[in-house]
Amino acid sequence: MRSRPEDPDLRARLVAAAIRLLAEGGPEALQARPLVAEAGTSTMAVYTRFGGMPGVVEAVAEEGFRLLAARLDAVPETADPVADIFGLALGYRQAALDNPHLYGVMFGLTAPAGRRVPTVQVTAGTPQLGQRAFERLTGAVRRAYDAGRFHVGEPSSAAAQLWSGLHGFITLELAGYFGAEDDSLAQVLAPLGANLAVGLGDDLESAAASSLAGAGAWLRENR
């Protein structure tokens, strides 16, 4: 039975349906008719709830960032802030691997329905898309400075640098450049993270140990 227009859960159901379509068929699958069929409603609901498909794309990106922030919030905090940074990186990466098309929409790598989401400004101090996820990383980086592990630069800039390295790695990994997931973790992401930590002031031995500790803790929790 199709939903009534006043259904208070309809917007959330449409967003969830859009995310499923993305996961199963990629950005080209995110069209009005398949979407309303998936959600069990009519095309009118897309316009009354979102103003059209571009609004759906923005709502999908918002939900993607909310899910990403929730995943990062679930990463436990330990006494080793650098290990925690690696744990957050792995949680972030897993979110991208679980639904790469959603990740592409979130960061404007794809434009379903001809719509790219607005650029995420995470360093301006205003709450926007991605801000909460970025602040989770910044908090761990700030702890690394407080612990004396990092001392080059300052936390916000360091977090942006680490995020840039992680995002670049994930973009290449999703494109298939690094082969098997376990190989890319061991051969690319872990040493990349350790080298970036060293550049921020950590010593290589401590950075490598934290990389292993963070990866091990995350894998125990998630596999």
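Of the residues 34, 27, which is touching a residue at least 60 places away in the same chain (Cβ under 8 Å) and either open to solvent by less than 70 Å² (accessible area, probe 1.4 Å) or among the aromatic types (Phe, Trp, Tyr) (or both)?
None of the others qualify; the one that does is 27.
Name the residue, out of 91, 87, that is touching a Gly at 6+ places or on another chain (Cβ under 6 Å) and either open to solvent by less than 20 Å² (accessible area, probe 1.4 Å) or of a type in the set (Val, Ile, Thr) (or both).
Answer to the check: 87.
Are any residues in the stretch 165-215 in a loop (DSSP other than H, G, I, E, B) and more than 15 Å from residue 97 (Cβ to Cβ), and if so, which ones?
Matches in the stretch 165-215: 200, 201, 202, 203.
What pairs come up if the first residue lies in the stretch 40-60 and is among the aromatic types (Phe, Trp, Tyr), the second is open to solvent by less than 60 Å² (accessible area, probe 1.4 Å), and their beta carbons are under 7 Å apart, counting only those six or more places apart or on different chains?
Note: pairs meeting the criteria are 50/56; 50/59.
Restricting the first residue to the stretch 149-170 and requiring it to be over 21 Å from residue 186 (Cβ atoms), which pairs with a second residue that is modelled with pLDDT of 95 or more and part of a helix (DSSP H, G or I) meet a Cβ separation below 6 Å and a spacing of at least six or different chains?
Hits for this filter: 149/82; 150/144; 155/141; 155/142; 155/145; 158/141; 159/141.
Let me spell it out: the conditions are (1) part of a helix (DSSP H, G or I); (2) surrounded by fewer than 22 Cβ atoms within 10 Å (Cβ to Cβ); (3) of a type in the set (Val, Ile, Thr), and residue 82 meets all of them except one. Which number is the exception?
So residue 82 meets the others, but not (2).
The values are calculated or read from the model by the stated rules, or taken from the named source; none is laboratory data. Fair warning: this is a prediction, and the values are worked out from it, not measured in the lab. Ideal geometry is used to build each Cβ from the backbone, glycine not excepted, and the neighbour counts take in all protein chains shown. For the accessible areas, the whole protein counts, side chains as well, though only heavy atoms, and no ligand, DNA or RNA atoms are used. Shrake-Rupley method; radii C 1.70, N 1.55, O 1.52, S 1.80 Å.
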